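In what follows, a structure is listed as structure tokens, so that the remarks can point back to it.
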Amino acid sequence: MTEVLLEAKGLGKRYAFGETFVDALANVDFSLQTGELVVVLGPSGSGKSTFLNILGTLDRPTVGTLNYKNELMTEKTDEELCAFRREKVGLVFQFYNLIPSLTALENVQLIESHGESAMSSEDALRRLNLWERRNHFPSELSGGEQQRVAIARAIVKKPALLLCDEPTGALDVSTGVVVLQAIEEVHHDFGVSVMLITHNVMIAGIADRVIHMSGGKITSIEKNLKHMLARDLQW
Ligand code: ADP
């Protein structure tokens, strides 16, 4: 039986500028199941990043509630949310966000040293086929390798939730596929729930469910019956 990991109800995020405002997110209800891979599609400005950031507790909604299992996250303090993210949430962004003065290994070890890590940095880098590159600095790695280091860093604590915001947005197609395969593999092997934002409709092929967003709203959610592996995606 599947378990609900995250449950969002009536989420809204409003940015006010004097007299005017933008509803980046409006009245969004959504449940993420444990072990599910969900792809979020929508044009630029449709609220995808705002939605993901609120689900990951990086940002707070203006209205609405977010539950993680049975805990009401929207009532927690900033310190509690920080501890929650450190333990449970892995983040992967379009532009890797690696520390340039640290090697690949040191970038991952930085997270490992933050607390109870569920695997060693060596295991995480080996899993991403990067052990031979461990002593390279980000500037000495290709974009795809840097993104794989970012994934190793995100998974070293075996997060319950992996949030990926345009993880292949800066990569060419074949490198993007390798990165998607890495995400797919950690999703499969650890049963980690994944939310992945993309502009690329083809990538939706790897999802269990696909969310379409427009104007700060979820316009539809579909089950992906033609579930594919990243390596079989047709670009
Ligand atoms: P997407 O990820 O789909 O491109 P975003 O969630 O980044 O969309 O943005 C949704 C809307 O909210 C856009 O109109 C954007 O300009 C606005 N927005 C996002 N973040 C901020 C912010 N910090 N301040 C003001 N407006 C914002």
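Of note:
- Electrostatic tally near F93: other residues with Cβ closer than 12 Å to its Cβ, Lys and Arg +1, Asp and Glu -1, net -1.
- Of all accessible heavy-atom area on the chain, the percent that carbon and sulfur account for (1.4 Å): 50 percent
- Long pairs among K69/K158; K9/K217; K13/K76; K69/K157; K13/K48; K9/K158, criterion Cα-Cα beyond 22 Å: K9/K158
- Residue-span extension gain [W131 to K226] - 0.36 nm each, minus C-alpha spacing: 30.8 nm
- Judged by the mean number of other Cβ atoms found within 10 Å, the most tightly packed of the peptides 78-85, 201-208 leads the ranking 201-208, 78-85.
- Mean projected area (nm²) of the alpha-carbon convex hull when region 130-212 is viewed from all directions: 5.7 nm²
- Across the chain, C-alpha contacts under 8 Å between residues 6 or more apart give a mean separation that, scaled by the residue count, equals a relative contact order of 26 percent.
- Accessible surface calculations at 1.4 Å, restricted to protein heavy atoms, place the chain at 49 Å² per residue.
- Qualifying trypsin sites (Lys or Arg not before Pro) for region 194-229 [loop in DSSP, other Cβ within 10 Å: at most 12]: K226
- Distance from the C-alpha centroid of region 180-231 to that of region 14-89: 18 Å, rounded to the whole angstrom.
- Based on Cα contacts under 8 Å between residues 6+ apart, region 105-235 shows a relative contact order of 21 percent.
- For region 1-74, relative contact order (Cα pairs under 8 Å, six or more residues apart, normalised by length) works out to 39 percent.
- Each semi-axis of the equivalent ellipsoid for the chain is √(5λ) with λ an eigenvalue of the Cα gyration tensor; in descending order they amount to 28, 21, 18 Å.
The values are calculated or read from the model by the stated rules, or taken from the named source; none is laboratory data. Quick caveat: nothing in here was measured; it's all calculated off a predicted structure. Cβ: placed from backbone, ideal geometry, glycine included. Neighbour counts: every protein chain shown. Note: areas computed on protein heavy atoms with side chains; ligands, DNA, RNA excluded. Shrake-Rupley method; radii C 1.70, N 1.55, O 1.52, S 1.80 Å.
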